[in-house]
1. What are the residues in segment 120-148 that are within 12 Å of residue 76 (Cβ to Cβ), touching a helix residue (DSSP H, G or I) at 6+ places or on another chain (Cβ under 8 Å) and surrounded by 15 or more Cβ atoms within 10 Å (Cβ to Cβ), if any?
2. For segment 228-240, give me each residue that is surrounded by fewer than 20 Cβ atoms within 10 Å (Cβ to Cβ) and touching a residue at least 24 places away in the same chain (Cβ under 8 Å).
3. Taking the residues in segment 94-107 that are farther than 11 Å from residue 74 by Cα and touching a helix residue (DSSP H, G or I) at 6+ places or on another chain (Cβ under 8 Å) as candidates, determine which candidate is surrounded by the fewest Cβ atoms within 10 Å (Cβ to Cβ).
4. Among residues belonging to segment 38-68 that are touching a residue at least 12 places away in the same chain (Cβ under 8 Å) and assigned to a loop (DSSP other than H, G, I, E, B), point out the one that is farthest from residue 175 (Cα to Cα).
5. Picking from 89, 113, which residue would you name as being farther than 25 Å from residue 142 by Cβ and surrounded by fewer than 22 Cβ atoms within 10 Å (Cβ to Cβ)?
6. Of the residues that make up segment 23-37, is at least one touching a residue at least 24 places away in the same chain (Cβ under 8 Å), surrounded by 10 or more Cβ atoms within 10 Å (Cβ to Cβ), more than 19 Å from the chain's Cα centre (by Cα) and within 25 Å of residue 103 (Cβ to Cβ)?
7. Looking only at segment 169-206, which residues are in contact with a helix residue (DSSP H, G or I) (Cβ under 8 Å, 6 or more places away or on another chain), surrounded by fewer than 24 Cβ atoms within 10 Å (Cβ to Cβ) and within 13 Å of residue 48 (Cβ to Cβ)?
8. Within segment 10-22, can you find the residues that are part of a loop (DSSP other than H, G, I, E, B), on the phi < 0 side of the Ramachandran plot, out of contact with any strand residue (DSSP E or B) (no Cβ under 9 Å at 6 or more places or on another chain) and touching a residue at least 12 places away in the same chain (Cβ under 8 Å)?
């Protein structure tokens, strides 16, 4: 019995990663490439942000920038906050969060459940406007200065690339064929850039496509706008988005993304949020352009359980 116990993971942090990869069927039209999706809601908090949170904390610990007794500070729309709250709880750090009423109540409640201390800034009519995240960032910086805390600063933290690169390495180990295209919605851009770097390192000549809401097409047109797709479309081009590591940017209709999220639940048994719907719409566009015999991959960002109180599944 003792030997078996010694083989078990020592904490919940070891449950991050190694998520399943599955093929979509019913939402995929005829004459389309194979569409494969990485089920990132298998991570402990139901989001791929767990990978980023763990990397940002552990890399800071390695550099001795984060030590026992210190406080961690972050600005977040929800999933990053939930993931950091989880990692901080497991490691014993105090965690302060700056967020807003524009984001899902389920995500805010999850952060509190893990012991995070929340400060919420008001939004304009519950929408994610171009000025919202800059306001969150400035407040988080002020808190970090006041407390001498460690700011994870997700939009500028390159440690996140190391965490997200694991998705790319896992894809290579799960597939015995070329990945012709990979697409994903851009928030911090850490996920897309981490996967792109890993695939290139592994010798894959994958087309990398950045996705954003058509209601806030900053990357494609330079114009920001209000939207309701949490986690992406932040109102500015994120510093981590490197032009050397992606081939194209596309703006996806928010209404199509919401419709696809609902279709995924009803037709594929895949329960996720609007950003996932947006990813799949983008993947299907690429799949129809490439055609049969090719492979397009994207990620299922998080679980639909985070959006039950909102309009998506009302």
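1. 121 - this is the single residue of segment 120-148 that is within 12 Å of residue 76 (Cβ to Cβ), touching a helix residue (DSSP H, G or I) at 6+ places or on another chain (Cβ under 8 Å) and surrounded by 15 or more Cβ atoms within 10 Å (Cβ to Cβ).
2. Within segment 228-240, 228, 235, 236, 239 meet the criteria.
3. Filtering segment 94-107 down to residues farther than 11 Å from residue 74 by Cα leaves 94, 100-107.
Still in the list and also touching a helix residue (DSSP H, G or I) at 6+ places or on another chain (Cβ under 8 Å): 94, 100, 102, 104, 106-107.
On the way: 94: 15, 100: 22, 102: 23, 104: 20, 106: 17, 107: 25.
By that ranking, first place goes to 94.
4. So, considering only residues that are touching a residue at least 12 places away in the same chain (Cβ under 8 Å) and assigned to a loop (DSSP other than H, G, I, E, B), the one farthest from residue 175 (Cα to Cα) is 68.
5. Working: 89 fails: farther than 25 Å from residue 142 by Cβ.
After applying the criteria, what remains is 113.
6. The answer is no; no qualifying residue exists.
7. Scanning segment 169-206 gives a single hit, 171.
8. Taking segment 10-22 as the starting set, the residues that turn out to be part of a loop (DSSP other than H, G, I, E, B) are 10-11, 16-20.
Going one step further and asking which of them are on the phi < 0 side of the Ramachandran plot, we end up with 10-11, 16, 19-20.
Now narrow it down to the ones that are out of contact with any strand residue (DSSP E or B) (no Cβ under 9 Å at 6 or more places or on another chain): 10-11, 16.
Once the filter is applied, which keeps residues that are part of a loop (DSSP other than H, G, I, E, B), on the phi < 0 side of the Ramachandran plot, out of contact with any strand residue (DSSP E or B) (no Cβ under 9 Å at 6 or more places or on another chain) and touching a residue at least 12 places away in the same chain (Cβ under 8 Å), segment 10-22 yields 11, 16.
Read the figures in this text as sums done on the coordinates, not as results from a lab. Since we're looking at a predicted model, the values are computed, not measured. Here the Cβ is made from the backbone with ideal geometry for all residues, glycine too, and neighbour counts use every protein chain on show.
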